[in-house]
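**Student:** The following block contains the structure, expressed as structure tokens.
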Amino acid sequence: MTQIVAKHWWKNIQKRPFLAVMLSLLWLILVTAIAFFWHLGSTSLIDETEPLFAEASRQMYVTGDWITPYFNGETRFDKPALIYWCQALAYMIFGVNEWAVRLPSAIAALGLICLAFYTLYWYQSKRDDLEGVYHPSRRWLTAGLGAAVIALNPEMIAWGRVGVSDMLLTGCMASALLCFFQGYAEPPESHVKARWYFAFYVLIGLAILTKGPVGIVLPGFIILLFLVYLGNFWQVVSEIHLIRGILVICAVSLPWYALATWQNGWDFIDSFFGLHNVERFTDVVNGHSAPWYFYFIVVAVGFAPYSVYLPVAMLSLKFWQRKSWISTERSQQLGLFALCWFIGVFSFFTIAVTKLPSYVLPLMPAAGILIALLWSHLIVDTSTHKVTTVSNSPSSSPVLLSLPLIQVSGWISVIFTSALGFLFFRVKNLIGYDPAAPNFPQMLQRSNLPVLGGIIWLAAAVIIAIFLIRRRYLHLIGINLLAFTAFMIFVLTPTLFVVDISRQLPLKQLSQLAVKVQKPREELMMVGFKKPSVAFYAQRRINFIKSNKQAADYIQNQTKSDSILIISQPKKFPKIGLQPTDYENIAAKQAYTLIRVPISKKL
């Protein structure tokens, strides 16, 4: 009965294209709202990196200097200006707050998800044309699944909800690659072919403005890998108007670099191009080293729970059949393009010496596309209208190859989700001590969130096992998707509030309180730690002193005012020679305390 109602409902949608478009928009809004916008600004900024961007952008907004980024009175050349511009514009519209800090990342993710949805739908429609059939539901379900899988995974959510440059780079770079493929796949006579290529060049320019040369080097490497494999490199180069494209890229990206160099000279060149680009690739920067297999773990966890199906998705493409891929219609080479995209990003950053989890964020859209294309072959469309079959793509009929492997991957998923469920029941014993959040393990345990997380993943494991036994392979990815969504809504998001209350919120409250009680010319110091969020929430320059001895000497030689405000951990005060009678205790929040030290009581 349910299936009959569903078929009738779907036929009504097919008869009303406008309704189908509206439902697609609602789906995209729902997916991206859950993944990126829900509670976007409800937690404090996360030390260490996020407040550096937030405060540098606030300085741009306040001072009107839109060329040179500053943090705490010092130049910050870690990243180009686009992320700062976007955050500063958000401040103008929404005020200086956490929502505005993170909004550019969320919007970049939204744009990428929408373009990925469109590309997958377009690919399926072209596939139907070549096969001489009409698969309406397969088009929408493939695109919808791809959009959801790309959005709802740990890596995309983590960086799509944080006010740093990584998601903006991924949005520009991944969107540029999708635009390139659209232009590449359009027939030569198409009037939109040049427009797609133009969009590709503009987005590459914006990627360079977001994170530097990697914005063009990495997409260029991916496209080169794709075209060299197909043997049509020079043919494509002749059609993409490369000289014109380079001029577009330069027009978008070079003016800021020229102005920053003119304003700051070799300091900018040495810091930005030397330290934050060349050295990150050839040497370990800031201690961010890792073994060669680091990104295997990052992808397995960061793209969970769908990562278990990635090997099957890659094998189903039959990428070893090069002659068949060469003869395949361009519009049907999306799977191969996504594979080259995935391998290009993965291998590029595996070779790089400095390693961070966020570096492989740009391959997550490719992973989502691979998963969506794999499952598109399992979608049975009862509304199919067959005309003729002309497709010879090596991935046009991979079901016989994929089904046994999907079954194996499904059982691996059962093991993985079961292990995850049992892990959550033991999570308290796995959390290490964090001096910035000493009460977090107890607070998390009292919330019962780990128990709920364990129940969700164990239930998912049982349901997946049932569908595997009943050979309902099409439903496997849906269960993974629903389990992760439930986990995010009912466990992950509430856990972030617990983390905020125990770790970040105390610093926010003390910083804002310090501004209220601060006397004229009174300095605000932080001893023992450099927490950039203090500068953002206090909205003034902070004197960060790491060494206890340096702090003691500084207080001894202080002559600018009659007192000084200090934020630190209470255990630090005796180490810098301060006894309880030497200072006024203003407020204590979790691990931190705000005190006032009268200069008349020098050490």
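**Student:** Can you find a residue in the range 444-452 that is within 29 Å of Val527 (Cα to Cα), charged (D, E, K, R) and either surrounded by fewer than 16 Cβ atoms within 10 Å (Cβ to Cβ) or assigned by TED's automatic domain parsing to the domain that holds Ala158 (or both)?
**Tutor:** No - not one qualifying residue is present in the range 444-452.
**Student:** I'm told Ser563 meets every condition in (1) surrounded by 18 or more Cβ atoms within 10 Å (Cβ to Cβ); (2) at pLDDT below 85; (3) of a type in the set (S, T, N, Q) except one. Can you identify the failing condition by its number?
**Tutor:** (2)
**Student:** Collect the residues in the range 126-159 that are acidic (Asp, Glu) and under 24 Å from the mean Cα position of the chain (by Cα), keeping them in residue-number order.
**Tutor:** Scanning the range 126-159 gives a single hit, Glu155.
**Student:** Pairs, please: C-beta under 7 Å, at least 6 apart or cross-chain, first residue more than 20 Å from Val498 (Cα to Cα) and in the range 450-469, second of a type in the set (Phe, Trp, Tyr) and surrounded by fewer than 16 Cβ atoms within 10 Å (Cβ to Cβ)?
**Tutor:** Listed by first residue and then by second, the contacts come to Leu468/Trp411.
**Student:** Would you point out which residue out of Ile586, Ile555, Ile489 is of a type outside the set (D, E, K, R) and surrounded by 18 or more Cβ atoms within 10 Å (Cβ to Cβ)?
**Tutor:** Numbers: Ile586 fails: surrounded by 18 or more Cβ atoms within 10 Å (Cβ to Cβ); Ile489 fails: surrounded by 18 or more Cβ atoms within 10 Å (Cβ to Cβ).
The match here is Ile555.
**Student:** Would you be able to say whether some residue in the range 470-478 is modelled with pLDDT of 90 or more, buried (at least 20 other Cβ atoms within 10 Å of the Cβ) and in contact with a helix residue (DSSP H, G or I) (Cβ under 7 Å, 6 or more places away or on another chain)?
**Tutor:** Yes, there is a match, as at least one residue in the range 470-478 is modelled with pLDDT of 90 or more, buried (at least 20 other Cβ atoms within 10 Å of the Cβ) and in contact with a helix residue (DSSP H, G or I) (Cβ under 7 Å, 6 or more places away or on another chain).
**Student:** Next up: Right, Lys571: surrounded by fewer than 21 Cβ atoms within 10 Å (Cβ to Cβ), at pLDDT below 90, of a type outside the set (Phe, Trp, Tyr) and closer than 30 Å to Val498 by Cβ or not? It would help to see each step written out before you state the result.
**Tutor:** Values: surrounded by fewer than 21 Cβ atoms within 10 Å (Cβ to Cβ): yes; at pLDDT below 90: yes; of a type outside the set (Phe, Trp, Tyr): yes; closer than 30 Å to Val498 by Cβ: yes.
Here the answer is yes, as Lys571 does meet what is asked.
**Student:** Same structure, new question: Can you find a residue that is part of a helix (DSSP H, G or I), in the same structural domain as Phe348 (by TED's automatic domain parsing) and either within 30 Å of Ile489 (Cβ to Cβ) or touching a strand residue (DSSP E or B) at 6+ places or on another chain (Cβ under 7 Å) (or both) anywhere in the range 176-185?
**Tutor:** Here is the first cut: in the range 176-185, the residues part of a helix (DSSP H, G or I) are 176-185.
Pick out the ones that are also in the same structural domain as Phe348 (by TED's automatic domain parsing) and you get 176-185.
If we keep only those that are either within 30 Å of Ile489 (Cβ to Cβ) or touching a strand residue (DSSP E or B) at 6+ places or on another chain (Cβ under 7 Å) (or both) as well, we get 178.
Yes, the range 176-185 contains at least one residue that is part of a helix (DSSP H, G or I), in the same structural domain as Phe348 (by TED's automatic domain parsing) and either within 30 Å of Ile489 (Cβ to Cβ) or touching a strand residue (DSSP E or B) at 6+ places or on another chain (Cβ under 7 Å) (or both).
**Student:** On to the next question. Within the range 420-429, does at least one residue satisfy the condition of being free of Cβ contacts under 8 Å to residues at least 40 places away in the same chain, surrounded by fewer than 17 Cβ atoms within 10 Å (Cβ to Cβ) and not in a helix (DSSP H, G or I)?
**Tutor:** Yes, the range 420-429 contains a residue that is free of Cβ contacts under 8 Å to residues at least 40 places away in the same chain, surrounded by fewer than 17 Cβ atoms within 10 Å (Cβ to Cβ) and not in a helix (DSSP H, G or I).
**Student:** Please list, ordered by residue number, the helices (runs of 4 or more DSSP H) wholly in the range 461-531 having 1 or more residues that are farther than 30 Å from Ile406 by Cα.
**Tutor:** In the range 461-531, the matching helices (runs of 4 or more DSSP H) lie at 493-499, 505-517.
**Student:** Right, Ala143: over 21 Å from Trp99 (Cα atoms), in the same structural domain as Lys79 (by TED's automatic domain parsing), modelled with pLDDT of 95 or more and assigned to a helix (DSSP H, G or I) or not? If you could, list the steps in order and put the result at the bottom.
**Tutor:** Details: over 21 Å from Trp99 (Cα atoms): yes; in the same structural domain as Lys79 (by TED's automatic domain parsing): yes; modelled with pLDDT of 95 or more: no; assigned to a helix (DSSP H, G or I): yes.
So Ala143 does not fit the description; no.
**Student:** Filter the range 532-552 for residues that are over 29 Å from Ser57 (Cβ atoms) and either surrounded by fewer than 14 Cβ atoms within 10 Å (Cβ to Cβ) or within 32 Å of the chain's Cα centre (by Cα) (or both) and give the result.
**Tutor:** Once the filter is applied, which keeps residues that are over 29 Å from Ser57 (Cβ atoms) and either surrounded by fewer than 14 Cβ atoms within 10 Å (Cβ to Cβ) or within 32 Å of the chain's Cα centre (by Cα) (or both), the range 532-552 yields Ser547, Lys549, Gln550.
**Student:** Condition (residue is crowded, with 23+ Cβ neighbours inside 10 Å and modelled with pLDDT of 90 or more) applied to the range 224-231: is it met by at least one residue?
**Tutor:** Yes, the range 224-231 contains a residue that is crowded, with 23+ Cβ neighbours inside 10 Å and modelled with pLDDT of 90 or more.
**Student:** Can you tell which of Ala116, Ala81, Ala90 is in the same structural domain as Ile369 (by TED's automatic domain parsing), over 30 Å from Arg540 (Cα atoms) and either crowded, with 22+ Cβ neighbours inside 10 Å or within 25 Å of the chain's Cα centre (by Cα) (or both)?
**Tutor:** Working: Ala81 fails: over 30 Å from Arg540 (Cα atoms); Ala90 fails: over 30 Å from Arg540 (Cα atoms).
After applying the criteria, what remains is Ala116.
**Student:** Using beta carbons and a limit of 7 Å, which pairs, at least six apart or on different chains, have the first residue in the range 132-154 and β-branched (Val, Ile, Thr) and the second one not in a helix (DSSP H, G or I)?
**Tutor:** If the second residue must be not in a helix (DSSP H, G or I), the pairs left are Val133/Thr384; Val133/His385; Val133/Lys386; Val133/Val387; Thr142/Ile379; Val149/Tyr306.
**Student:** Looking only at the range 327-336, decide whether some residue is closer than 17 Å to Phe221 by Cα and in a loop (DSSP other than H, G, I, E, B).
**Tutor:** no
**Student:** Is there a residue being over 25 Å from the mean Cα position of the chain (by Cα) and either at pLDDT 95 or above or surrounded by fewer than 16 Cβ atoms within 10 Å (Cβ to Cβ) (or both) anywhere in the range 281-303?
**Tutor:** No; the residues of the range 281-303 include none that is over 25 Å from the mean Cα position of the chain (by Cα) and either at pLDDT 95 or above or surrounded by fewer than 16 Cβ atoms within 10 Å (Cβ to Cβ) (or both).
**Student:** Of all the residues that make up the range 50-69, how many are touching a helix residue (DSSP H, G or I) at 6+ places or on another chain (Cβ under 8 Å) and surrounded by fewer than 18 Cβ atoms within 10 Å (Cβ to Cβ)?
**Tutor:** Going through the range 50-69 one residue at a time, the tally reaches 3.
**Student:** From (1) hydrophobic (A, V, I, L, M, F, W, C); (2) surrounded by 14 or more Cβ atoms within 10 Å (Cβ to Cβ); (3) at pLDDT below 95; (4) under 25 Å from Leu482 (Cα atoms), pick out the condition that doesn't hold for Met22.
**Tutor:** Going through the list (1) hydrophobic (A, V, I, L, M, F, W, C); (2) surrounded by 14 or more Cβ atoms within 10 Å (Cβ to Cβ); (3) at pLDDT below 95; (4) under 25 Å from Leu482 (Cα atoms), Met22 breaks only (2).
**Student:** Working carefully through the options Val353, Val390, find the one that is closer than 23 Å to Leu218 by Cα, assigned to a loop (DSSP other than H, G, I, E, B) and modelled with pLDDT under 90. Break it down stepwise before answering.
**Tutor:** On the way: Val390 fails: closer than 23 Å to Leu218 by Cα.
Residue meeting the stated conditions: Val353.
**Student:** Which residue out of Gln509, Gln590, Gln550 is touching a residue at least 60 places away in the same chain (Cβ under 8 Å), out of contact with any helix residue (DSSP H, G or I) (no Cβ under 8 Å at 6 or more places or on another chain) and either not aliphatic (A, V, I, L, M) or not assigned by TED's automatic domain parsing to the domain that holds Tyr70 (or both)?
**Tutor:** Checking each option against the conditions leaves just Gln509.
**Student:** Take the range 204-227 and flag every residue that is under 16 Å from Asp166 (Cβ atoms) and in a helix (DSSP H, G or I).
**Tutor:** Selection gives Leu206, Ala207, Ile208, Leu209, Thr210, Lys211, Val214, Gly215, Leu218, Pro219.
The values are calculated or read from the model by the stated rules, or taken from the named source; none is laboratory data. Nothing here was measured: the structure is a model prediction, and the numbers come from that model. Ideal geometry is used to build each Cβ from the backbone, glycine not excepted, and the neighbour counts take in all protein chains shown.
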